[in-house]
Each structure stands twice: as structure tokens, then as C-alpha cells.
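Heads up: the structure comes next, in C-alpha cells.
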Amino acid sequence: MSTHATAEQVRAAVSAVIDPELRRPLGELDMVRDVAVDGDITRVGIALTIVGCPAADRIERDVRDAAASVPGIADVAVDVGVMTAAERSALVERIRGTKRMPFTADSLTRVIAVTSGKGGVGKSTVTANLAAALASRGLAVGLIDADVHGFSIPGLLGLVDEDGRPPQPTRLNDLMLPPVAHGVKTISIGMFLPPDASPAVAWRGPMLHRTVQQFLTDVHFGDLDVLLIDMPPGTGDVAISVGQLLPHAEVLVVTTPQAAAADVAVRSGVVARQTGQSVIGVIENMTAFMLPDGSVLDLFGQGGGEAVAAALSVGGLTVPLLGSVPLSAALRRGGDVGVPVVIGEPEDTAARAISAIADAIATTRRSLAGRSLPVSRS
């Protein structure tokens with residue numbers, strides 16, 4: 001007995017295909033057009049969001065596979081078109097919703113800014129690995145590279161081509177879709193520099209503030225469990241802007257064991273508190289490691305992480321030292337090739353330390369006290 005497919009069955013299968021950039025079904029995005037079935041042959045029309053959509057090949061392949069999976073379908077033809085300007089504008093408004101700033105105090109997304117007092121302490125490497133570790137635990141994770149002058153997150157996550165250039169986000173009108181690596185949706189100023197430009201960014205306060213604001217309002221991260229922000233070192237313009245835009249954010253302070261780094265790291269935590277943010281922990285990076293002969297080398301000394309945690313534990317608040325990450329060749333290699341050590345070499349000592357910190361972060365939730373929750377009366 002032969003099975004005859006219907007257009008409704010094919011449409012249902014195709015409508016369930018997920019757009020790889022918007023992370024929503026094609027049916028919900030109104031991307032499915034006419035569907036016709038003639039015997040065991042079906043013709044499916046889809047409309048991409050923009051001309052030259054970088055996910056076009058994958059969407060067409062997934063649509064073809066979905067239609068072919070319907071019992072009774074032996075051959076699939078896919079007609080690919082593009083949305084009209086009006087359709088695209090309507091889609092953008094539907095995706096964005098009514099809020100220009102999605103990461104408010106009422107949002108269920110946990111916003112965590114990773115900061116340090118000075119550069120060179122491995123803050124960005126720690127942030128990239130934390131993001132990848134949290135994503136590997138099934139959390140929806142976004143990452144903003146707010147270190148505009150010293151951006152390095154794209155390279156650390158492998159979001160670069162053979163020339164070291166990050167990909168540009170896909171644009172839907174004024175909405176940007178962040179590239180994804182290792183399950184982490186990522187945005188960085190490096191993605192907006194023209195290919196023939198120097199990678200240096202020489203901007204002052206107002207430009208920096210607008211950039212951070214646009215990252216928060218014009219980039220479509222979708223529903224996130226955690227948004228990490230890789231902050232620039234110090235307590236300058238970006239730290240002040242993030243404090244103004246996200247006063248409810250939590251803060252992780254990264255330091256090395258060295259006293260000089262620890263003393264400066266405390267200042268970044270103090271400034272964060274002055275804007276209303278809460279310091280949830282300290283991460284000590286570049287701690288002692290074991291040499292092949294079994295001896296231990298304290299290249300940067302000892303005690304910096306504990307000193308920062310103690311200095312920030314004031315007024316009845318306790319700031320814990322969440323973990324110590326030892327110096328590691330594997331951690332450095334992972335950053336060089338764009339594969340975080342927690343993914344590429346998870347048994348490395350540094351990877352285990354960062355994974356333990358990710359576990360501690362993932363199992364704690366910020367308080368819901370004082371926040372209105374998205375519930376309605378029946």
C-alpha cells in the first residue's frame with residue numbers, strides 16, 4: 001500500500017527547520033512560501049532574510065532533508081527567494097519586540113562582566129574559556145568583547161579566517177546576528193573593521209559608550225541564560241559605560257598571584273560597586289605549575305587572589321576566591337588556534353580549574369528579589 005504525502009505534511013516538516021542564525025523555526029519566521037505535492041514529488045518555496053545570506057546553503061539543505069523525510073516523498077525541489085523590505089522590517093520588529101535594551105534588571109539573563117585592574121593577566125582567555133565551558137553545560141551563552149582597544153575574543157574562539165580577520169555579523173536592517181563558535185554567540189568590534197584597515201581602534205569616550213550601547217541593543221542574542229562581557233582592563237570609559245547601562249550586572253575580578261596585579265585588581269571591583277554592580281568572585285590566573293621533575297614553580301608568587309577577595313569582602317559582603325588557574329601550555333595553545341582548552345584539552349590542569357569555576361557559576365543564581373517576573377494572571 002503506497003503512502004501519499006500532503007502539502008500540509010511537507011509544510012509542517014519544513015516549518016520546523018531551525019534557522020541557524022536566528023535560532024528559530026522557519027515557520028515562525030514566515031520564511032516558508034508555497035508548498036506543492038505532485039505524487040511523490042514536492043516543490044518547496046522559502047524566502048531568505050537577505051541576499052547573500054551566509055546560512056543559505058545550510059538552510060536549503062536542511063529544508064530539502066526535512067521535506068524528503070516525509071513518508072511518500074521521493075524527490076524535492078527547493079525554490080529560494082528573498083524577503084521583501086517590508087517583510088524583513090516586520091520580521092525585525094517581531095524579533096526585537098518592544099524592548100530596545102533586553103538585558104534589564106527584570107531580564108532572566110544573568111549578566112556577568114569579567115574585569116581586571118591591569119592588562120596581561122589573562123582576563124580574555126579566562127572569559128573565552130568560561131563562555132565555552134558554560135555553553136558545553138547546555139546553557140545559552142552570549143559574549144560581548146567590550147575590550148574595544150585590545151579585542152582578542154574572536155581569535156581566542158576561532159572566529160577568524162586564514163588572515164586573522166573575524167567574520168562580519170549578518171545584518172537585518174539595523175539588527176545584527178552574532179557569529180557563533182563553540183556554542184557561544186559572540187560580538188566584537190573587530191568584526192566591523194574593514195578588511196583593508198589597521199586592526200587598531202583609536203576611539204575616545206563617546207564612541208566607546210555608543211559601541212557598548214549598540215552591542216547591547218542592536219545585537220540579537222535571543223534568549224540567553226548568561227551574557228558574559230569581556231571588559232577592558234582598568235576603570236576607564238567602558239567600565240563607567242557598562243556600569244551605567246547595566247548597574248545590575250555581576251562582576252568577576254581576574255588577577256594573578258602577583259601583589260602588583262592584585263593591588264590594581266581591587267580597584268576594578270571597587271568601581272563596579274560604585275555603579276551598583278555586585279562582585280561575585282575572584283579568579284586567580286597564572287598560578288603555580290608543576291615542572292617535569294615534580295618541582296613547583298611560583299612564577300608570579302602567591303596569595304594575590306586571596307588578597308583581592310579579602311580586600312573586596314567588606315560591609316558584611318563575602319567575595320569568594322572561585323578558583324586558581326595554573327600556568328598552562330595547553331591553555332596558551334588553545335588561545336593560539338581558537339579552541340578553548342576546556343574544549344580541546346579538558347583534562348589539562350588549567351581546563352579542570354576553569355571548568356570547576358564554570359560549575360560554581362552555573363549552580364548559583366542571582367537573586368530575584370526586587371525584580372518583576374514575566375507572569376500573568378489567568
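Checked against (1) in the same structural domain as residue 256 (by TED's automatic domain parsing); (2) crowded, with 17+ Cβ neighbours inside 10 Å, residue 76 passes all but a single condition, namely (1).
Only one of the numbered conditions (1) in contact with a strand residue (DSSP E or B) (Cβ under 9 Å, 6 or more places away or on another chain); (2) surrounded by fewer than 15 Cβ atoms within 10 Å (Cβ to Cβ); (3) at pLDDT 90 or above is not met by residue 31, and that is (2).
Return the residues of the stretch 1-55 that are part of a strand (DSSP E or B) and among the hydrophobic types (A, V, I, L, M, F, W, C); say none if nothing qualifies. Quick ask: steps written out before the conclusion?
Quick first cut of the stretch 1-55, residues part of a strand (DSSP E or B) only: 18, 25, 32-38, 41-48.
Of everything in the stretch 1-55, those that are part of a strand (DSSP E or B) and among the hydrophobic types (A, V, I, L, M, F, W, C) turn out to be 18, 32, 35, 36, 37, 41, 44, 46, 47, 48.
For the stretch 240-273, what are the residues that are more than 21 Å from residue 305 (Cα to Cα), surrounded by fewer than 22 Cβ atoms within 10 Å (Cβ to Cβ) and either at pLDDT below 90 or more than 21 Å from the chain's Cα centre (by Cα) (or both)?
Looking only at the stretch 240-273, we keep the residues that are more than 21 Å from residue 305 (Cα to Cα), and these are 240-249.
Remaining after also requiring surrounded by fewer than 22 Cβ atoms within 10 Å (Cβ to Cβ): 240-241, 243-245, 247-248.
Hits for the stretch 240-273 are 240, 241, 243, 244, 245.
Quick check on residue 34: is it charged (D, E, K, R), outside the structural domain of residue 184 (by TED's automatic domain parsing) and more than 30 Å from residue 219 (Cβ to Cβ)?
Values: charged (D, E, K, R): yes; outside the structural domain of residue 184 (by TED's automatic domain parsing): yes; more than 30 Å from residue 219 (Cβ to Cβ): yes.
Answer is yes for this residue.
Suppose the filter is in the same structural domain as residue 81 (by TED's automatic domain parsing), buried (at least 17 other Cβ atoms within 10 Å of the Cβ), more than 27 Å from the chain's Cα centre (by Cα) and polar (S, T, N, Q); does residue 42 pass it?
Details: in the same structural domain as residue 81 (by TED's automatic domain parsing): yes; buried (at least 17 other Cβ atoms within 10 Å of the Cβ): yes; more than 27 Å from the chain's Cα centre (by Cα): yes; polar (S, T, N, Q): yes.
Spelling it out, residue 42 is indeed in the same structural domain as residue 81 (by TED's automatic domain parsing), buried (at least 17 other Cβ atoms within 10 Å of the Cβ), more than 27 Å from the chain's Cα centre (by Cα) and polar (S, T, N, Q).
Answer with yes or no whether residue 19 is free of Cβ contacts under 8 Å to residues at least 12 places away in the same chain and either more than 26 Å from the chain's Cα centre (by Cα) or surrounded by 20 or more Cβ atoms within 10 Å (Cβ to Cβ) (or both). In short, no. Only residues that are on the phi > 0 side of the Ramachandran plot and out of contact with any His (no Cβ under 8 Å at 6 or more places or on another chain) were counted in the stretch 130-182, giving 4.
The set of residues in the stretch 65-79 that are in contact with a strand residue (DSSP E or B) (Cβ under 7 Å, 6 or more places away or on another chain) and either in a strand (DSSP E or B) or not aliphatic (A, V, I, L, M) (or both) comprises 75, 76, 77, 78, 79.
The values are calculated or read from the model by the stated rules, or taken from the named source; none is laboratory data. Note that the structure is a prediction, hence the values are computed from the model and not measured. A quick note on method: Cβ atoms are made from the backbone with ideal geometry, for glycine too, and the neighbour counts reach across all protein chains shown.
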